[in-house]
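Remarks on the structure that follows.
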Amino acid sequence: MSYVIIAGISFPIVEKPEAWYHFPLIPGLGENAKIIFFHVPTAWITVLAFLMSTIFSIKYLRKKDLDDDGKSQTALELGMVFCILATVTGAVWAKFTWGEYWSWDPRQTSIFALLLIYGALFALRSAVENEEKRATLSAVYSIIAFVTVPFFVFIMPRIMKGLHPGSADDTNAGPVVNFKMNSNMYLVFVLSVVAFTILYFWMWRVGSRSLNIKEKLLKNYR
Amino acid sequence: MEGLYLFLEKNSIYIVMIIVLIVWAGVFLYNLKLDKRLKFIEKEMKEGKK
Amino acid sequence: MKAYHLFRKDLFSEIRNRYAINSLAMFIIVTISVILFSVGEETISDYLSGGLYWVVVFFTGMSGLARVFVSEEERGTTLTLQLIARPETVLSGKLIFNLVLTLAMNIVITFLYSALFPAFVIKSLMLFFITFILGTLGIAISSTIIAAIISKAGSKGTLYPVLSFPILLPLILILINLTKISMDGTPFGEAIMDVLFLASYDVVMLSVSYLLFDFIWKD
């Protein structure tokens, strides 16, 4: 319940970034700059969900508790949803800023790789019937995938030249977040990321609890 | 299609709107899935009581 | 039971029925001829031929490298292996076998490819050699651990490339990049960063597969 209250308080602030009319718009981006309040949080949640899925996978392998597998799977589902959202919003933004929907920028490659990993995990999960076996195999695979992902999300976009802010040839390289933002914009940005994170955790809790109840019901009646 | 593209290029706040709608559509779809799952649970619970 | 004995057993059974070797050899021919047909009369640029080389390696590897664990599962010898050998020994034996197989496959592909594609000219051989060795290592390690997962999952054939591709993607991207660099004739010192990435990928995958193999193997 507390999550709901916090989320309810923070949403009205975040949903109207237009309420601040004092944005000095980023040169070359114009009004498009406001996409950042929705694009970056989705990308961040994609990585966060993947991290949480791996943490619960490790927990499952240690304790063999099927509830942990349900939590891991819910994080995967949410990660898949937000991964698609980040890819699509990024592609639309790229169309109007870089001129192409898809140009194999290192960051686009990395989000594509994440999408592939999520897809492979779902394929693996649907292929195995036995619950415990499915949980073990998907846990192992997601850990293996997690050790290769840093290559993509964190290292490769930084060392390779690209169009996305934060690339190696960007003049103000560094964290993507703090480029050319004034304090107003920064505040909205941080609030938006926090609100999306809360929204994610809320959805994740509802999703994992309902999934686990469903699994238990199915077990009882079988 | 061409006219739409030009319109969006000039009034880029609508692109922001499209992006926002896409994001909320994704969240909505996930909630729809949750709703389906809860319906299933409710049905099973009722059948279990009988 | 030592890893070496397991390797010898696999090698002898492979020599007897030659399933993996035959399918690998046929796949090399098929993939290269498909590329040759689709190219037709066009001339391939140098960089493209470097990239296509790793396409051949990837698809050939996907056809035969899953055999090591799937064959045990098919013959029903998994339980026996679980009884007589420790998990690490099994993984080491299978890893050595896959490594030899991948190395043989890559050597054949390299010779065949450089004979058939005139554009595929490597200027700095030293760099390409190191890329080749580290790439072979990486492909062998990743494919072995994925093969172990596949053998425990139900559908064997179709799932293997699906699961391997995301894991091998960082490796293949760096390999293609390094091949391009070595075609330019860049000295070894300038490409040290990419080579280090390649080496760290191999080390990370090796340690992770030894850590996680227990969970896959005994259940």
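Working note: 222 nm ellipticity from helices only, DSSP H runs with n ≥ 4, each -39,500 (n - 2.57), summed and divided by the residues of the protein assembly as shown, gives -27500 deg cm²/dmol to the nearest 500.
Between C:ASP214 and A:GLU132, the C-beta separation translates, for a Förster distance of 22 Å, into a calculated FRET efficiency of about 0.90.
For peptide B:38-46, the mean count of partner chain Cβ atoms within 10 Å of a residue's Cβ comes to 3.
Region C:99-129 and region C:27-54 have Cα centres lying 14 Å from one another.
Result for chain C in a Gaussian network model with C-alpha springs under 10 Å: among C:LEU52, C:LEU196, C:LEU171, the largest mean-square fluctuation is at C:LEU196. Once A binds C, the 1.4 Å probe can no longer reach about 2300 Å² of accessible area, counting both sides. Per residue of A:132-140, other chain Cβ atoms within 10 Å of the residue Cβ number 5 on average.
3J(HN,Hα) along region B:16-31, derived from phi through the Karplus expression 6.51 cos²θ - 1.76 cosθ + 1.60 where θ = phi - 60°, amounts to 4, 4, 4, 4, 4, 5, 4, 4, 5, 4, x, 4, 4, 4, 5, 5 Hz, with x in place of Gly and Pro.
Here the Gaussian network model covers chain C, with springs between Cα atoms less than 10 Å apart; of C:GLY51, C:GLY76, C:GLY64, C:GLY76 fluctuates the most. Rounded, prolate or oblate: which fits the protein assembly as shown, taking a ≥ b ≥ c as square roots of the Cα gyration tensor eigenvalues, rounded meaning a/c under 1.5, else prolate when a/b beats b/c? In terms of gyration-tensor shape, oblate. Computed with a 1.4 Å probe over protein heavy atoms only, the accessible area of A:LYS59 comes to about 80 Å². The listed residues B:PHE7, C:PHE129, once ranked by accessible area (1.4 Å probe) with the largest placed first, stand as C:PHE129, B:PHE7. Rounded to whole numbers, the Karplus 3J(HN,Hα) couplings from phi for region C:199-213 are 5, 5, 4, 4, 5, 4, 5, 4, 5, 5, 5, 5, 5, 9, 5 Hz, using 6.51 cos²θ - 1.76 cosθ + 1.60 with θ = phi - 60°, and x at Gly and Pro. In the structure shown, the pairs A:LYS216/C:LYS152; A:LYS34/B:LYS36; A:LYS63/A:LYS216; A:LYS95/C:LYS180; B:LYS36/C:LYS152; A:LYS216/B:LYS33 are assessed against 23 Å; a Cα-Cα span above that value is assigned to A:LYS216/C:LYS152; A:LYS34/B:LYS36; A:LYS95/C:LYS180; B:LYS36/C:LYS152. The amide H of A:ASP105, built 1.01 Å from its N in the peptide plane, has no neighbour under 5 Å, considering only residues 5 or more places off or on other chains. Residues of region B:1-32 that bury at least 50 Å² of accessible area once all protein chains are present, compared with their chain alone (1.4 Å probe, heavy atoms only, ligands and nucleic acids left out), are B:TYR5, B:ILE13, B:ILE15, B:VAL16, B:ILE19, B:ILE22, B:VAL23, B:TRP24, B:VAL27, B:TYR30.
Note on A:THR74: accessible area approximately 0 square angstrom, rounded to 10, probe 1.4 Å, nucleic acids and ligands left out. For a straight C-alpha distance cut-off of 15 angstrom, the aspartates and glutamates reachable from C:LYS9 (same-chain residues fewer than eight places away being disregarded) are C:GLU72.
Each residue, C:SER200 and C:THR43, gets one label point 7 Å from its Cα in the Cβ direction; the gap between the two is 4.0 nm.
The values are calculated or read from the model by the stated rules, or taken from the named source; none is laboratory data. All figures in this text were calculated on a predicted structure; none of them were measured in a lab. Here the Cβ is made from the backbone with ideal geometry for all residues, glycine too, and neighbour counts use every protein chain on show. The area values use the complete protein model at the heavy-atom level, side chains included, leaving out ligands, DNA and RNA. Shrake-Rupley method; radii C 1.70, N 1.55, O 1.52, S 1.80 Å.
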